[in-house]
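Accompanying notes for the structure given below.
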Amino acid sequence: MKTINLKTKQQNHPIHIGENVLTMLPGILETAKTGQKIAIVSNQTIWELHGETLLATFAESDYTLHIILIPDGESYKTMDTVQTILDTLIEKHFERKDVLLAFGGGVIGDMAGFAAAIYLRGIPFVQIPTTLLAQVDAAIGGKTGVNHPSGKNLIGAFYQPICTLVELSFLDTLPKKEVLCGLAEVVKYGIIGNTGLFKYLETHSEKIATLNIKDHHRLWEYIIRWSCGDKATIVSADEREAGLRENLNFGHTIGHGIESASHYTLYSHGEAVALGMKAALELAETGRLLDKKSTKRMTSLLKKLGFKTKLDSSVTTEAVIEGMRTDKKIRNGKLRFILPTALGTVVTIDDVTMDDVRIAVDNLHA
Ligand SMILES: NC(=O)c1ccc[n+]([C@@H]2O[C@H](COP(=O)([O-])OP(=O)(O)OC[C@H]3O[C@@H](n4cnc5c(N)ncnc54)[C@H](O)[C@@H]3O)[C@@H](O)[C@H]2O)c1
Ligand SMILES: [Zn+2]
């Protein structure tokens, strides 16, 4: 078991990573002097697979548990669903010290976190992420929120959990496509700052590419620890995204364009980000920020891990560019890009031209 501390101005937000970490939960709640009521927000898929494990954690304690199951899927990450969570909290007379626990992937975590942030102006919140993406990314950093018909994550709040419990064995049931999705963020941490992680991914690429976490817990524990540590360090230094945190957008500007252009169906977020990283590497190389050898090394890791590095012809360059226009990362009409200058080092470039981007996206089709 390993504990990483995410530090904000107010306090420490520990992240416990390993096997059987849920056993720590009653002790953590006791130390935090929370109330006796706990609302668990999850969905049917996760609850059927792992609900019993979570319930067993509370077998010896006398908390009153309320299970709120919401339908599975990004399309339910809405104000309406938040409203149903709030309705239950009100109906069950939740008070200031009572707890809201998110048990699921990023969708559940973002939404439950937002409900916790706004109910009575904030009640204690615990994150138990069950997807790789949520364990290495979404559940860490305190960004919570929901989608709006006009765009993703348009409504939200920064709200930190009192702790995050990253239980490896939950990933044993995760479909491979979801593993691949989280893996893109892992590669991102390697490229933007963690050369040790990047080399580890290179060395173990064959095993990792099987996307079989169940039989390789130790390997994945390293990967998750490193990734969580990186995100926690970045967020601790820049909680509100005034600077450093922006580096986490590497691969995401074009990635979001691809997701939008393919109507969020053809590619998962991770696959789109992998393509976005490939295009960003090319932008860096054409802009003479990055040498050919490094570009090749980073792109070839993406390939080895099983990411598609060619964009489907049905997703046109113009549609990708159009999709990028609604991105929050565009400031004053200019495109800001996080681009690598070497393995483990990135810079922000805010005068990338549309033509450069067009060529880079065009080349994804080649
Ligand atoms: N807050 C942040 O900083 C942040 C960062 C990145 C992404 N996000 C958000 O995260 C969301 C995506 O999260 P996600 O990729 O975890 O998707 P998700 O929450 O939709 O989970 C993916 C699928 O896996 C299922 N699942 C979850 N755990 C499982 C398990 N252990 N075994 C089997 N199936 C399981 C879910 O029911 C779902 O069908 C998006 O809404 C995105 O905006 C937030
Ligand atoms: Zn991402």
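A short reminder: the numbers here are calculations on the coordinates, not readings from a lab. Quantities reported herein were computed from a predicted structural model and do not represent experimental measurements. We place every Cβ from the backbone using ideal geometry, glycine too, and count neighbours over all the protein chains shown.
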Q) For the modelled label position 7 Å from the Cα of residue 1 along Cα-to-Cβ, which residues of the stretch 22-38 have backbone nitrogen atoms closer than 14 Å? A) 22-31
Q: Report the percentage of all Cα-Cα pairs in the stretch 127-178 whose separation exceeds 17 Å, rounded to a whole percent.
A: 45 percent
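Quote to one decimal, in nm, the extra length available between residue 310 and residue 345 on full extension: 0.36 nm per residue of separation minus the C-alpha distance between them.
Details: separation 35, 0.36 × 35 = 12.60 nm, distance 2.50 nm.
Going from the current span to full extension adds 10.1 nm.
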Q | Extension gain (nm, one decimal) between residue 176 and residue 62, 0.36 nm per residue minus Cα-Cα | A | 37.3 nm
Q) What is the gain in length, in nm to one decimal, between residue 97 and residue 169 on full extension, counting 0.36 nm per residue of separation less the C-alpha to C-alpha distance? A) 23.0 nm
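Just to verify a number: FRET efficiency for residue 296 and residue 74, C-beta to C-beta distance, R0 = 35 Å, to 0.05?
On the way: r = 34 Å, r/R0 = 0.98.
Efficiency, rounded to the nearest 0.05: 0.55.
Take the alpha-carbon positions of the stretch 169-228, form their convex hull, and give its projected area averaged over all directions (one quarter of the hull surface) in nm².
On the way: hull surface 14.6 nm².
The number I arrive at for the stretch 169-228 is 3.6 nm².
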Q: Pick out, from 227, 201, 212, the residue whose Cα sits farthest towards the positive end of the charge dipole of the stretch 192-249, with +1 on the Cβ of Lys and Arg and -1 on the Cβ of Asp and Glu.
A: 212
Q) When only Cα pairs under 8 Å and 6 or more residues apart are kept, what is the percent relative contact order across the chain? A) 15 percent
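Explain nothing, just the number: relative contact order of the stretch 2-173, from Cα pairs under 8 Å at least 6 residues apart, as a whole percent.
Values: 324 pairs, mean separation 43.9, N = 172.
Contact order relative to length: 26 percent.
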Q | Set of aspartates and glutamates near residue 7 by C-alpha distance (under 15 Å), chain-local residues within fewer than 8 positions excluded | A | 230, 238, 239, 241
Q. For the Cα atoms of the chain, what angle does the longest principal axis make with the long axis of helix 44-57, in degrees from 0 to 90, nearest 10?
A. 50 degrees
**Q.** Nearest-ten-degree value, helix 354-365 long axis tilted from longest Cα axis of the chain
**A.** 80 degrees
Q. When N counts the residues of the chain, how does its alpha-carbon radius of gyration compare numerically with 2.2 N^0.38 Å, as a ratio?
A. 0.98
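Two decimals is fine: what's Rg over Rh for the stretch 277-366, C-alpha atoms, Kirkwood radius as Rh? Before the final figure, lay out each step's value.
On the way: Rg = 13.1 Å, Rh = 13.7 Å.
With Rg and the Kirkwood Rh in hand, the quotient comes to 0.96.
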Q | Too-long pairs where the Cα-Cα distance tops 22 Å, listed order kept, from 77/214; 188/304; 176/207; 2/304 | A | 77/214; 2/304
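Charges at C-beta only: +1 for Lys and Arg, -1 for Asp and Glu. How large is the resulting dipole of the stretch 131-273 about its Cα centre, in Debye rounded to 20?
Details: 13 positive and 16 negative charges, 5 e Å.
Once rounded to the nearest 20, the dipole reads 20 debye.
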Q. Label-point separation (nm) for residue 53 and residue 10, each offset 7 Å from Cα along Cα-to-Cβ?
A. 2.9 nm
Q) What distance in nm separates the simple spin-label points at residue 216 and residue 157, each placed 7 Å from Cα in the Cβ direction? A) 4.0 nm
Q) According to the square roots a ≥ b ≥ c of the eigenvalues of the Cα gyration tensor, what is the shape class of the stretch 176-365, taking rounded for a/c under 1.5, prolate for a/b larger than b/c otherwise, and oblate for the remainder? A) prolate
Q) In the chain, what percentage of the DSSP-assigned beta bridges are antiparallel, given to the nearest 5? A) 45 percent
Q | Ratio of the Cα radius of gyration of the stretch 2-173 to 2.2 N^0.38 Å, where N counts its residues | A | 0.94
Q) In degrees from 0 to 90, rounded to the nearest 10, what is the angle of the helix 252-261 Cα long axis to the longest principal axis of the chain? A) 90 degrees
